[in-house]
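The block underneath contains the structure these notes are about, expressed in structure tokens.
The values are calculated or read from the model by the stated rules, or taken from the named source; none is laboratory data. All of these numbers come straight from a predicted model, not from anything done at the bench. Here Cβ is always computed from backbone atoms with ideal geometry, including for glycine, and neighbour counts include all displayed protein chains.
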Amino acid sequence: MTHHKKDRIFKGLQTLIAGVCLLAIATGCSNDDSGNGIDGNCVDNFSWFNEVSDEVSALTNAGAAYGQDPTAANCATYEAAAIDYLDALEDALGCVSGTDRDALQDAIAEARADVDGGLCN
């Protein structure tokens, strides 16, 4: 993988993580959200951060490990962490409504295409 492609993918994942953090601050979900397009299994005081914090931590740690030691094993861990993170985001999409959901779906699809193309090629 070229250094440029690795930087682009890492920056894309960083942007996605930052976007989710902003959504965590700006949006939420509660039992009285009927009629706003929210269809997930949301609970009172829904928090994006709580939903994906383990995956964010794993992705950050795996990315740092791969950056310091770009071995095949670290690459596999990094790619698995990225997939787990994107899966966690998709699992929580039902608790986002309207344009926020559309923007997040687009960001997830773009990041997944990068991950599916191989983060370490």
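List the helices (runs of 4 or more DSSP H) inside the range 5-121, counting only whole elements, that have at least 1 residues being at pLDDT below 90, of a type in the set (D, E, K, R) and touching a Ser or Thr at 6+ places or on another chain (Cβ under 6 Å).
Here the list reads 98-116.
Give the residue that is farthest from the chain's Cα centre (by Cα), with candidates limited to residues of the range 79-91 that are surrounded by 22 or more Cβ atoms within 10 Å (Cβ to Cβ) and more than 13 Å from residue 114 (Cα to Cα).
Of everything passing the filter in the range 79-91, 81 is farthest from the chain's Cα centre (by Cα).
Condition check: touching a residue at least 60 places away in the same chain (Cβ under 8 Å) and closer than 15 Å to residue 52 by Cβ. Does residue 107 satisfy that?
So residue 107 fits the description; yes.
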